[in-house]
């Protein structure tokens, strides 16, 4: 009996527990209503609650959208009568986007502030939209004086939990505790996005990685059409007159290209590639930011219609001619330029809030300063408005650029002082504003033309300016040995074995062509102590020793592409560095044609002297012309020239000189062979035999000899000149 009683007791307890559980869940689900709310009223309260939650959810989503659009900040519309400090902002997609970081300043709003703004904004939304409920449910009243909203922005899970306390009555009955307070939640990554934006702003304001990326991109700027970087920073100009000119509009456009490149070529959460054969790519990883946010969709953009405001142009000119060595390097122009840029631009960071469908936007102000000529991250207080030194230009220039034939040159750059005038159009015309006064006018096309460089008055600048073509010629060096052999002068053209220099001067501007093979000159060959000793003592032996350490090989021909066509005064010299003496030379005027492809430089030898006087060089040029050889010509000459009075005896001597390499029996038979010969050549008055005869010169056919010599000797690269 005891066991049966225990079993019945357990069954009774189980039934009671089941009833209690059923009553609890029924109460929670509103099946039986509330103990203090009549059943009919509870249903009305349930309808009001659902309508309120719908309105509040809509308001919360709208608040989220607006605040994410504006980087976590509310708007005046959201807050209503609430106030807050409006941060600096920039316009993107027609919305004001606040800066979270500006230069070195981290302006990140606190998470508490973002939460508070959300709370206040939603409260204002409920206050202004509660009539949507009361207009429908006339029996519902809300005590707005006791309205309070609590917001909890969660990072994990991706939610925003919202609780609204707003005392509500329906038909005079307070809202059932089963339906109140009002609770909703939004699916959103706002918490994670806030953490990312905060970390990003902290890293950017301290490490300034966007400034570093920008500076690197400027230094790696691609080339423009003139072969120089779009944004020149530093380097050498090697062509005479070479000019780099960038207008303010060009600079603005190229700077925007740089900014866009940085924003589109920055990778997230990856290591920075190091393949130098590929375009430069940047990366943001743990070296820059402590945390990674791999599930966020992040992009960076420039603001609406953003353009750089550039004042002033870039002008780099190479107008100073230089000799890298006075001994064996041709004269060139060597210009060194160095320039830097102050760059400031806003960056919009846009993060997709995928659960809500909205996007979170915040801004960063990038500033690269160039104070002291060095590009580096700058402070916001140092951002200044650039001043254009050429802005106040009270005069104007209208010039035309042509070649030496009068044909217009398109694309020539003209500068006046430190300011650019412009670039010539298809008609060769350039027009622009200039400063009044006298300055250096520089006109440059490219390395195919010489440049114009003169001081010009702004009142006399207008006119036509011709640029001479730069020749691309091969200079062939020849040594000419002139000797007297009785009545015959012999001029022999051969290779130059000493160092040869040809100075060409036009309008006071020197150019030099030399036959020294610069690649064969030992590097660091100069001994400074030796040079000092040579300078102090002027001891020939000491100076010879210095020079011998830097001796290179000589070339028969060299290519020259830096001398413009035109009229020149030329001075040629050959020098033997072993004895430190000049071994030949000439002085002569010469016109270099733009069509010239090759020139031959014939330098006559002379007895070695420490310095050949100009009078002797003039005489040497005349001696060359006596051999019908011009010191400089576009055509080569026969290797050997004989100058003589063309008698039978002299021609026979010349023939004996060349017949080893140019034999012709017919020519030999034209000369008399008396008295040993037994026959007489054509033209002799009688047979020679063994009988005494008059002078054999009378029995030769001089005209036939000269004719034969001219025909056959020319094939042996030999020329005979009859005086």
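Where a number appears in this text, it was derived from the coordinates with a stated rule and is not lab data. All values reported here derive from a predicted model rather than from experimental measurement. All Cβ positions, glycine included, derive from the backbone under ideal geometry; neighbour counts span all protein chains shown.
Using a 10 Å cut-off on Cβ atoms, rank the peptides 644-652, 62-70 from the highest mean neighbour count down.
Result, highest mean Cβ count within 10 Å first: 62-70, 644-652.
Over region 206-382, what is the relative contact order in percent, taking alpha-carbon pairs closer than 8 angstrom and at least six residues apart?
So the answer I get is 26 percent.
How much length would be gained if the chain were fully extended between residue 704 and residue 559, taking 0.36 nm per residue of separation minus their Cα-Cα distance, in nm to one decimal?
Between residue 704 and residue 559, full extension yields an extra 47.8 nm.
Which of 113, 94 comes first, and how do the rest follow, when ranked by fewest Cβ neighbours within 10 Å?
Ranked by crowding around the Cβ, least crowded first: 94, 113.
Taking the number of other C-beta atoms within 10 Å as the exposure measure, put 565, 598 in order starting with the fewest.
If I rank by nearby Cβ atoms, fewest first, I get 598, 565.
For region 147-265, what ratio Rg/Rh do Cα atoms give with a Kirkwood hydrodynamic radius?
Ratio of gyration radius to Kirkwood radius: 1.43.
Could you work out how much longer the chain between residue 427 and residue 163 gets when fully extended? Use 0.36 nm per residue separation minus the Cα distance between them, nm to one decimal.
Here the segment from residue 427 to residue 163 would lengthen by 87.4 nm.
Can you compute the label reach from residue 645? Point 7 Å from Cα along the Cβ direction, backbone N cut-off under 12 Å, restricted to region 706-723.
723
Run the numbers for residue 495 and residue 405: contour at 0.36 nm per residue of separation, minus the present Cα-Cα distance, in nm.
Once the chain is fully extended between residue 495 and residue 405, it gains 28.7 nm.
What fraction of the DSSP beta bridges in region 395-467 is antiparallel, stated in percent and rounded to the nearest 5?
80 percent
Based on other C-beta atoms within 10 Å, arrange 657, 381 from fewest to most.
Fewest-to-most ranking of 657, 381: 381, 657.
What value in Å³ per residue do you get for the convex hull of the alpha-carbon atoms in region 408-540?
261 Å³
I'd like the per residue volume of the convex hull spanned by the Cα atoms of region 206-382, given in cubic angstrom.
Hull volume normalised by residue count: 164 Å³.
Calculated FRET efficiency, residue 386 and residue 86, Cβ-Cβ r, R0 41 Å, to nearest 0.05?
0.90
Let a ≥ b ≥ c be the square roots of the eigenvalues of the Cα gyration tensor of region 395-467; is it rounded (a/c under 1.5), or, if not, prolate (a/b larger than b/c) or oblate?
Here region 395-467 falls in the prolate category.
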